[in-house]
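Written out below as structure tokens is the structure these notes cover.
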Amino acid sequence: MRKKIIAGNWKMNMTPSQAVALCAELKDLVKNDDVDVVYCVPAIDIVPVVNALKGTNVKVGAENMYFEEKGAFTGEISAAMLKDAGVEYVIIGHSERRDYFKEDDALLNKKVKKAIEAGLTPILCCGETLEQREMGITMDWIRMQIKSDLAGVAAADVAKLVIAYEPIWAIGTGKTATTAQAEEVCGGIRACIAEIYDQATAEAVRIQYGGSVNAGNAAELFAEKDIDGGLVGGASLKADFGKIVCYNK
Ligand code: 13P
């Protein structure tokens, strides 16, 4: 049985002091032993958030990292730095990074490998544009993303990672994929993992849905057999996140 994983992606929100205040506000609302809870926060918030969450059930994730070990890469943050600061998860390949920062699958493949090597759990994002969905190429596109981003990654490592399916047209738009649409693609991703690796790896990997998840739609989405939780943007910055985390209570 896969444990659900519900992660907030704070994106470029929350100054360090606001971040600490949000952790305090949400502390008692996000207690649910049935699920893994993660806050993926801006790099500058990592240290204060790790401290603020000590002794709680919430783990910390980063929103990005660079694949090189160390050196002259001004402005970048390494996997080892994240690990040493107390980070356990790292979002890789969010559609905003693919789009605004031109991150391609070859780069993301290097990031995934480096994160795993450093002992971080990647939350690897994939998803189609509205145009691709309307053209009927959603699954072909996502299969291509998954295959490229995981090239050369061993089955044992894939079994431990998290994949987030985020249809780009549903991000920040208030337009959620229907439960059936979300389940269809999450199931398709699992089938893709079975095809590249094997059935046991596919059964183990956790697949989240992301895109306008809120307190009203979380329970229905998370009840689907291939949806193992969510990657939550806007709603992770308010008390509603507690309701999403406690969707089964
Ligand atoms: P929203 O929940 O704000 O739509 O954002 C989803 C997302 O991009 C999470 O990574």
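A quick yes/no check of all residues on (1) touching a residue at least 40 places away in the same chain (Cβ under 8 Å); (2) within 19 Å of Ser212 (Cα to Cα); (3) within 16 Å of the ligand (Cβ to nearest atom):
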position: Leu130; (1), (2), (3): no, yes, yes
position: Met135; (1), (2), (3): no, no, no
position: Arg143; (1), (2), (3): yes, no, no
position: Ala154; (1), (2), (3): no, no, no
position: Ile163; (1), (2), (3): yes, yes, yes
position: Glu166; (1), (2), (3): yes, yes, yes
position: Ala177; (1), (2), (3): no, yes, yes
position: Glu183; (1), (2), (3): yes, yes, no
Kindly check whether there is at least one residue in the range 32-41 that is among the polar types (S, T, N, Q), part of a loop (DSSP other than H, G, I, E, B) and under 23 Å from Asn248 (Cα atoms).
yes
Residue under question is Ala177, and the condition is that it be at pLDDT below 95 and crowded, with 22+ Cβ neighbours inside 10 Å; does it hold?
yes
Restricting the range 196-235 to residues that are more than 16 Å from the ligand (Cβ to nearest atom) and of a type in the set (Val, Ile, Thr), the residue that is farthest from Glu25 (Cα to Cα)
Ile196
Are there any pairs with C-beta distances below 8 angstrom linking a residue in the range 7-28 that is touching a residue at least 24 places away in the same chain (Cβ under 8 Å) and farther than 20 Å from Lys243 by Cβ to a residue that is within 16 Å of the ligand (Cβ to nearest atom) and part of a strand (DSSP E or B), with the two at least 6 apart or on different chains, and if so which?
Ala19/Val41
Please pick out the residue among Tyr100, Tyr89 that is surrounded by 21 or more Cβ atoms within 10 Å (Cβ to Cβ) and of a type in the set (Phe, Trp, Tyr).
Tyr89
Tally, over the range 1-29, of residues that are part of a loop (DSSP other than H, G, I, E, B), at pLDDT 95 or above and either within 16 Å of the ligand (Cβ to nearest atom) or exposed (fewer than 13 other Cβ atoms within 10 Å of the Cβ) (or both):
8
Check Tyr209 against each of (1) in contact with a Cys (Cβ under 8 Å, 6 or more places away or on another chain); (2) farther than 22 Å from Glu131 by Cα; (3) not in a loop (DSSP other than H, G, I, E, B) and name the one condition it does not meet.
(2)
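The values are calculated or read from the model by the stated rules, or taken from the named source; none is laboratory data. Since we're looking at a predicted model, the values are computed, not measured. All Cβ positions, glycine included, derive from the backbone under ideal geometry; neighbour counts span all protein chains shown.
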